[in-house]
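Engineer: I am attaching a structure below and will ask some questions about it afterwards.
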Amino acid sequence: MRRVLTGMITALAIVAAGILLSGCLSFGSAADFFPALQSSARFEAKDIRADWSVLTPYVAGKTNYRYFSPYGGKEGLSPNPDYGPLLPYVGAEMSLSSYVMDVIPLYGLVTADGRIVTDPIYTEVLTNYGPFLLLYRCSPTDVHTRVTVAAPDGRWTRDAGDWREFVPIDDPDRPQLAISQGDGSVLILDADGVVTAEISRQTLTPFLGEGYAWGDPIIGYIEGCALNYEHGVLTAAFYDESSPWGNYWRYECFIDPASGAVSATPPARWVPDDEWDYLNPPEFDGYCYPEEAPDLTDGTVYYAAYPDCAEFDGDWTLDLLNQDGELLVENCLTSSALQWRPFVADGMLGVVKDGAFSYTKIGAGETVFRYPLRTNSD
């Protein structure tokens, strides 16, 4: 509401300023503006003079992008070994009604040198799954959100099928991705997108029962079997407040990601997580609520944080900091429904600002990519 009122006041101020500019407009009496007040029905405006030279001319924001060839457009990402690192960009805003938000962002993919690979067609692009990129796409006709699993450089892609959960297997020697399916099975992919193991429902039923379904349960509302990765092992567990482990999970079986073997007992090396793994961000003087913004290409950790929280006035404007809490970019982003934290990729800052999304080199200030936001009507 505050921003709406501010915008209205600003608009009125601009109109008033245009009228009151000294020497710009010379007006006669009220009859000059309302023909009904004149003795003649004919209205002449020849006495109205304007000096437009004092007004600042409108200059449209510059664009800075090219297209990769071949270009995926609305068809989405096609595998290609020549992309290099693929970066998300906010390319459109979709207005909604009868939803929790009035607008949501749509994402596309762009190369690190500013060549667009796809139109903004994805409702989410997840990059924090190790050597896997998750591209979510849905439409009013979709019953189930479609997800494409891809390499971070787009050299391979794979349809996730009737997915239920994605569980990263963050083994540094052999990173993999487990995908639980609607039919109760589990697929395990390696970093090349190859299925290395497939555990069928028939294999899991003796451990999980006939009626199990994958899905992290909403405690107290939905019964589901949660698939997780802990200490080198995939676990399948139901929520249970009387769990002997003290963490409210009843473990039913354990899956070896390397072989796909299923067992009712864990390997000797496995120890259950006995408490929630809360994130404990660092504290920086003059800032609050720092949020990690790791570089999407090399993992270098940056932080987006809110300055002067004691003087918060409703505008959640973020600064970009390095790992030591030193200021790199001031006022880099005003958190909004379109983007709540900045992207950092290949040493560049990616933000929505002034009606466009841009990637700019941190420190150098060179804009590598700038794309004007589209709307529903574009």
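The values are calculated or read from the model by the stated rules, or taken from the named source; none is laboratory data. Please read these numbers as outputs of a predicted model, since none were measured by experiment. Note: accessible area is taken over every heavy atom of the protein model, side chains too, but ligands, DNA and RNA are not part of it. Shrake-Rupley method; radii C 1.70, N 1.55, O 1.52, S 1.80 Å.
Engineer: Using a 1.4 angstrom probe with every protein chain in place, what is the largest-first accessible-area order of 174, 115?
Structural biologist: Values: 174 100, 115 65 Å².
Descending order: 174, 115.
Engineer: Here is a further query. What does the accessible area of residue 159 come to, in Å² to the nearest 10, when a probe of 1.4 Å is used?
Structural biologist: That residue has around 110 Å² of solvent-accessible surface.
Engineer: Another question, if that's okay. Compute from the Cα atoms of the range 99-198 the Rg and the Dmax, the latter being the longest Cα-Cα distance, and quote both in angstrom.
Structural biologist: That works out to 14.5, 44 Å for Rg and Dmax.
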